[in-house]
């Protein structure tokens with residue numbers, strides 16, 4: 001039953017003696033603030049305070065919520081590879097969306113499989129057009145590339161099979177089937193959702209949710225990214241707003257499926273020995289910085305793209321309702337899962353385990369983290385860029401374009417509207433951030449890998465033809481942005 005209710009969890013005195021089951025659920029293009037609990041917390045600055053995600057909210061109420069969850073690269077395939085491999089894209093072989101995940105890559109899947117875990121990858125993989133059984137996992141029920149929202153063919157251990165229904169419902173069916181299997185060893189499961197990726201087609205049960213609601217305006221809509229020239233259009237709100245309600249309806253339907261997974265854990269009697277992590281492969285612009293005003297985007301280093309929802313649910317270890325302001329990054333997941341499983345963390349993993357924060361939400365995790373994005377020929381408007389984020393500031397650099405450098409004080413300017421990089425009175429701060437940037441760049445071993453796309457080799461920088469997507473023509477896509 002979709003969205004079924006489950007019993008309230010109870011806090012155990014100590015973690016179970018047996019190795020826990022591990023579940024990672026993640027979405028595609030879900031903003032950090034696209035949860036009811038976050039909208040409630042941020043209050044007047046929330047753009048959709050009427051959004052309801054009861055099952056995600058419950059995970060947060062019973063587990064740990066990172067207020068500052070991030071990805072090291074805000075685009076699908078590179079971010080997914082970072083989650084799996086625990087390494088930056090300049091090391092893991094995936095620097096853009098057309099690249100396949102290396103078959104021989106070391107990942108938390110391969111390490112847990114070797115350690116005796118029953119492992120599975122279900123749902124969206126999206127490493128280029130990669131086909132076949134998913135590397136590192138003992139079982140997979142996945143599909144090629146983006147798939148399609150309705151009746152999408154899946155590959156079961158690499159063998160094509162037809163399916164019927166909404167794609168994320170089908171993926172959840174496969175995941176539940178895997179959870180319910182009889183086994184002697186613990187399991188590790190990844191469940192990847194297609195939603196809320198374009199073209200934002202919710203299932204029939206969700207298509208009329210939020211009718212009549214309005215999206216709040218983006219306060220930084222006119223504060224354009226330096227690499228994008230302002231374009232003429234209506235003042236004060238994005239140009240094509242009609243798709244946003246369907247975006248949020250897809251998220252609401254995802255929440256239904258999270259509820260189904262959690263209900264299954266209780267029904268199987270394994271909830272108290274199962275860790276569940278929920279996140280997204282990147283955020284999503286809905287008009288912020290003049291980005292996402294027509295079809296949405298991510299990629300660049302503003303908060304709306306690099307910041308993601310991040311929940312960790314594990315009652316035996318986590319005090320209910322824990323919240324952390326530490327910066328947790330997608331490269332941390334692999335180390336966290338291996339740490340929880342008691343498996344040695346490979347030396348090449350670059351992330352940090354969240355276990356100390358799970359045990360004590362006031363524990364420190366990191367003081368800075370490094371961000372990278374490599375130029376892609378299909379999205380040539382966004383250049384290669386690098387960033388350093390601290391708890392209070394962010395420096396964004398664009399190689400070859402020193403004049404585009406950005407520096408933000410996130411405490412006084414959370415929407416990144418006031419670039420301090422070129423102001424005389426902030427040069428001491430900039431030098432401090434530049435020094436920290438160079439140190440972290442060296443620490444993570446940053447370099448432009450041979451497999452990164454090169455503008456000169458692709459004949460790029462040709463304007464793309466403007467696309468009009470089907471959902472932009474639907475009758476119900478009325479003007480929904482607040483005036």
### Message
If each residue of separation counts as 0.36 nm, what is the full-extension length gain between residue 447 and residue 320 once their alpha-carbon separation is subtracted?
### Response
41.6 nm
### Query
In the chain, what percentage of the DSSP-assigned beta bridges are antiparallel, given to the nearest 5?
50
## Note on the structure
Expected unfolding gain across residue 348-residue 173 under the 0.36 nm per residue rule, minus the alpha-carbon gap, is 59.5 nm
### Message
With 10 angstrom as the radius, rank 332, 325 by how many other C-beta atoms surround their C-beta, starting from the fewest.
### Response
325, 332
### Task
Counting other beta carbons within 10 Å of each Cβ, put 297, 208, 256, 223 in order, fewest first.
208, 223, 256, 297
### Task
May I ask you to give the average projected area over all directions of the convex hull of the Cα atoms of region 374-424, in nm² rounded to one decimal?
4.2
### Task
Quote to one decimal, in nm, the extra length available between residue 422 and residue 211 on full extension: 0.36 nm per residue of separation minus the C-alpha distance between them.
71.5 nm
## Note on the structure
Ordered by fewest other Cβ atoms within 10 Å, a rough proxy for footprinting exposure, 131, 384, 392 read 392, 131, 384
### Query
Between residue 380 and residue 270, how many nm apart are label points set 7 Å from Cα along the C-beta direction?
5.0
### Message
Using a Förster radius of 56 Å, what is the FRET efficiency between residue 364 and residue 183 based on their Cβ-Cβ separation? Nearest 0.05, please.
### Response
0.90
### Query
Where does the chain land at 222 nm, in deg cm²/dmol rounded to the nearest 500, when only DSSP H runs of n ≥ 4 count, each adding -39500 (n - 2.57), divided by all residues?
-7000 deg cm²/dmol
### Query
Across bins of 10 angstrom width beginning at 0, how are the C-alpha pair distances of region 21-366 distributed, in whole percent?
6, 27, 37, 24, 7, 1, 0
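A short reminder: the numbers here are calculations on the coordinates, not readings from a lab. Just so it is clear, the structure is predicted and the values come from calculations on it, not from any experiment. Reconstructed Cβ throughout: ideal geometry from the backbone, glycine too, with neighbour counts over all protein chains shown.
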